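Let me begin by presenting the structure, written as structure tokens, before commenting on it.
The values are calculated or read from the model by the stated rules, or taken from the named source; none is laboratory data. Keep in mind that this is a model prediction, so the values were computed, not measured. Please note: Cβ atoms are built from the backbone with ideal geometry, for glycine as well, and neighbour counts cover all protein chains shown.
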Amino acid sequence: MWAGLCLLLTNLWASAIAAQPADSQERAELRRFLERTINSADSFQDRYDAEVWLVDMSARLSRFVDDPSRRLVLLRQVHAAAIRAALPPELVLAVIEVESHFDRFAISRVGAQGMMQVMPFWKDEIGRPDDNLTDNLTNLEYGCRILQFYLEREDGHLHRALAAYNGSSGSRRYSDKVKRAWKSRWRTQPLHWAP
């Protein structure tokens, strides 16, 4: 039993290391980016736009979240975090669908947590070890800022940015899954999916 547990822990540790950014310079750049950008602000500029978007997205989200009031709270949180990170909220919804199916308590096999599957080492990296990654506001802020960082680093190339976010650089499998989720459920306006 102990040998099996040790093997499992060793595999989890190795997977977690593999999911971290490849070099220390990239990791340091992302840490500085997260430190600079984690903040809060209201994301809707017009009440009518807010109502239209929330009603539309709430209907789309109903297959994942039963409670209408929970859906609206979550959608406001997603919208706010996405707008602060200069991301389309619909793209963030597609990422969440693929990453966790909107389960705030989701934990991946490598230890990523929450709706956007953020690796816990980032809390220490930016000096916020007490942050709770199963708290939606915290998880969305981290996840959106990490995706923003990779999108900027990849000069707006969405497939490469999503692959970097997922730790699968060089592969389009993950980004294609996000694209399919976006196209089938969340699309409201065009996104530039470079070839």
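Applying a threshold of 6 Å to beta carbon distances and a minimum spacing of six or more residues, or different chains, the list of pairs starting in the stretch 82-104 at a residue that is more than 16 Å from Leu137 (Cβ to Cβ) and buried (at least 22 other Cβ atoms within 10 Å of the Cβ) and ending at one that is hydroxyl-bearing (Ser, Thr, Tyr) and modelled with pLDDT of 95 or more is empty.
The C-beta contact set for the stretch 109-136 (first residue more than 28 Å from Leu61 (Cβ to Cβ) and touching a residue at least 60 places away in the same chain (Cβ under 8 Å), second residue of a type in the set (Asp, Glu) and part of a helix (DSSP H, G or I), distance under 8 angstrom, 6+ apart or interchain) comprises Ile126/Glu35; Gly127/Glu35.
Could you list all residues from the stretch 54-71 that are modelled with pLDDT of 90 or more and within 23 Å of Glu141 (Cβ to Cβ)? Working first, answer last.
To start, the set of residues in the stretch 54-71 that are modelled with pLDDT of 90 or more comprises 56-67, 70-71.
Once the filter is applied, which keeps residues that are modelled with pLDDT of 90 or more and within 23 Å of Glu141 (Cβ to Cβ), the stretch 54-71 yields Met57, Ser58, Arg60, Leu61, Phe64, Val65, Asp67, Arg70, Arg71.
Among the candidates Thr134, Thr138, which residue alone is at pLDDT 95 or above and part of a loop (DSSP other than H, G, I, E, B)? Going through Thr134, Thr138 in turn, just one is at pLDDT 95 or above and part of a loop (DSSP other than H, G, I, E, B): Thr134. Of everything listed in (1) without any contact (Cβ under 8 Å) to a residue 12 or more places away in the chain; (2) farther than 20 Å from Leu147 by Cα, the single unmet condition for Asp56 is (1). Regarding Asn166, is this residue out of contact with any Cys (no Cβ under 7 Å at 6 or more places or on another chain) and closer than 20 Å to Arg70 by Cα? Here the answer is no, as Asn166 does not meet what is asked.
Going by what's in this entry, would Leu191 be described as in contact with a Leu (Cβ under 7 Å, 6 or more places away or on another chain) and touching a residue at least 40 places away in the same chain (Cβ under 8 Å)? Taking the combined requirement at face value, the residue satisfies it. In the set (1) in a helix (DSSP H, G or I); (2) at positive phi; (3) small (Gly, Ala, Ser), Gly111 fails one condition alone, (1). Restricting to the stretch 123-161, name every residue that is of a type in the set (A, V, I, L, M, F, W, C), more than 18 Å from Leu75 (Cα to Cα) and surrounded by fewer than 16 Cβ atoms within 10 Å (Cβ to Cβ). The answer is none; no residue qualifies.
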